[in-house]
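The values are calculated or read from the model by the stated rules, or taken from the named source; none is laboratory data. Because the structure is a prediction, the values reported are computed rather than measured. FYI the Cβ positions are ideal-geometry reconstructions off the backbone, even for glycines, and counts take in every protein chain you see.
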Amino acid sequence: MSKRVSGTLVGVLTVVTIGVAGFGCKRVPEGEPDTSQAESRLRKQTEHKQRKANLALQFADDFSQEYGPPDHFDLKRWTLLEKGQARTEGGYWLLEILPEPPPGPGEIFFGGLATTERYLNPGLTGTNGVEITLADFTYEGDYPEKPENPGGLMLIHAWSLTIGSWQGLVGGQPNKEKDRGVQLHFDLLPPDGLFLYLVRGLVPADFDKYPRDGFGGPEAKDMSERELRVLHEEAINSGRPFVTVPCLSLATRVYRTEQEINEILGRSRRYGLYLTDDANTVYWTLDGEVMDSIDITGYFSSNPESVREGAFLTVMGVGGFQRNTWRMDDLEIYTSP
């Protein structure tokens, strides 16, 4: 079977991680007035527009050029990661993960591409940002459930943008003590919903400074998947950053209903991930609107050597079907001149 992430797919709801705007339930501190939130959003939106107007375009790809075999893609500017495959078709970038048949019960696969060069500013000075349009996700084949977990969570797909000192996902950095990176990602996980996260890598001090959900802790080996998810959602509901190995979750948005999920994934949307104030603030955008903005002062400066020569962009997908395809367009990387 072949399905598109819109009506039919989200009717079966599964869990996915990524950032989203406007809709869904954003956890905020109790008692904070709505007027304050509106004023803050307007201020951040105005600042973003003014800031972006002064940025220089460092890298762009509209994926309009088609390439022949054997690569079918521009592998001079892009580096394939994990099981990722890529091609251009009809003016779009098709990122695909095609595991060997048949996929194992509940098994998931990673694949993506990273910029071959560090296009973000040396030291991440000033402002650095990336934007890309995710048009849709399609899949073919059934998703075999884990025999020990019938009817449990099922990852339909996940997708992410990462700005980092390495090529890959947060959690997959070669040197977990020295590498630094931020990531916007979503997980579509029925029956729980769509989860959009803004995260950064972990540093040792985080385990003493922030609360932790059950993932990655010594108790995890004795807990079921559902028990771990309960702890995870309790941490989300707190409205505060929390450690969820392998990352620090800075902000999370949750979308439960089919209507909410379709509003995010059922049509073409443009995602942005920005670092400003010399990488002391991270925020993400949806169709040009600022969604969540977080102060991360001290994170990159705790090891400035990691981004001394700049940073890479990684675009990654995660899927569990026989064919997983993300269709994307108009990638742009901006920096302060």
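Is it true that Phe312 is of a type outside the set (S, T, N, Q), touching a residue at least 40 places away in the same chain (Cβ under 8 Å) and over 16 Å from Leu273 (Cα atoms)? When the stated conditions are applied, Phe312 does not pass them. Listed by first and then second residue, the pairs with beta-carbon distance under 6 Å, at least 6 apart or on different chains, first residue in segment 75-97 and more than 21 Å from Asp136 (Cβ to Cβ) and touching a residue at least 60 places away in the same chain (Cβ under 8 Å), second surrounded by fewer than 16 Cβ atoms within 10 Å (Cβ to Cβ) and not aliphatic (A, V, I, L, M), are Thr79/Thr116. One residue stands out among those in segment 225-244 that are in contact (Cβ under 8 Å) with a residue 60 or more places away in the chain and surrounded by fewer than 20 Cβ atoms within 10 Å (Cβ to Cβ): the one that is nearest to Val182 (Cα to Cα), which is Gly239. Being at positive phi and touching a Gly at 6+ places or on another chain (Cβ under 9 Å) is the filter here; which residues of segment 54-91 pass it? Listed by number, the residues that qualify are Phe63, Glu82. Being more than 19 Å from the chain's Cα centre (by Cα), at pLDDT below 95, outside any strand (DSSP E or B) and of a type outside the set (A, V, I, L, M) is the requirement here; does Gly104 meet it? Considered against the rule, which asks whether it is more than 19 Å from the chain's Cα centre (by Cα), at pLDDT below 95, outside any strand (DSSP E or B) and of a type outside the set (A, V, I, L, M), Gly104 comes out as yes. Among the residues of segment 42-74, those that are over 20 Å from Thr133 (Cβ atoms), touching a strand residue (DSSP E or B) at 6+ places or on another chain (Cβ under 7 Å) and touching a residue at least 60 places away in the same chain (Cβ under 8 Å) comprise Lys44, Arg51, Ala56. Scanning segment 11-19 for any residue that is in a loop (DSSP other than H, G, I, E, B), modelled with pLDDT under 80, surrounded by fewer than 16 Cβ atoms within 10 Å (Cβ to Cβ) and in contact with a Leu (Cβ under 8 Å, 6 or more places away or on another chain) turns up nothing. Can you pull out every residue in segment 154-196 that is over 17 Å from Ile236 (Cβ atoms) and in a strand (DSSP E or B)? Matches in segment 154-196: His157, Trp159, Ser160, Leu161, Thr162, Ile163, Gly164, Gly181, Val182.
Evaluation of Gly216 against the conditions (1) over 18 Å from the mean Cα position of the chain (by Cα); (2) in contact (Cβ under 8 Å) with a residue 60 or more places away in the chain; (3) surrounded by fewer than 22 Cβ atoms within 10 Å (Cβ to Cβ) shows that the sole unmet condition is (2). Here Arg87, Arg118 are screened, and the one residue that is over 22 Å from Gly310 (Cβ atoms), in contact with a strand residue (DSSP E or B) (Cβ under 7 Å, 6 or more places away or on another chain) and either charged (D, E, K, R) or surrounded by fewer than 17 Cβ atoms within 10 Å (Cβ to Cβ) (or both) is Arg87. There is at least one residue in segment 150-162 that is under 21 Å from Thr281 (Cα atoms), of a type outside the set (S, T, N, Q) and buried (at least 16 other Cβ atoms within 10 Å of the Cβ).
Checked against (1) in contact with a Leu (Cβ under 9 Å, 6 or more places away or on another chain); (2) modelled with pLDDT under 90, Glu32 passes all but a single condition, namely (1).
The residues of segment 311-337 that are outside any strand (DSSP E or B) and buried (at least 20 other Cβ atoms within 10 Å of the Cβ), listed by number, are Ala311, Gly320, Phe321. Pairing each residue of segment 293-305 that is under 10 Å from Lys178 (Cα atoms) with any residue that is surrounded by 12 or more Cβ atoms within 10 Å (Cβ to Cβ) and modelled with pLDDT of 95 or more, provided the two are 6+ apart or on different chains, yields C-beta distances under 7 Å for Phe300/Leu124; Phe300/Arg180; Phe300/Ala279; Phe300/Val307; Ser302/Val203; Asn303/Lys178; Asn303/Arg180; Pro304/Gly123.
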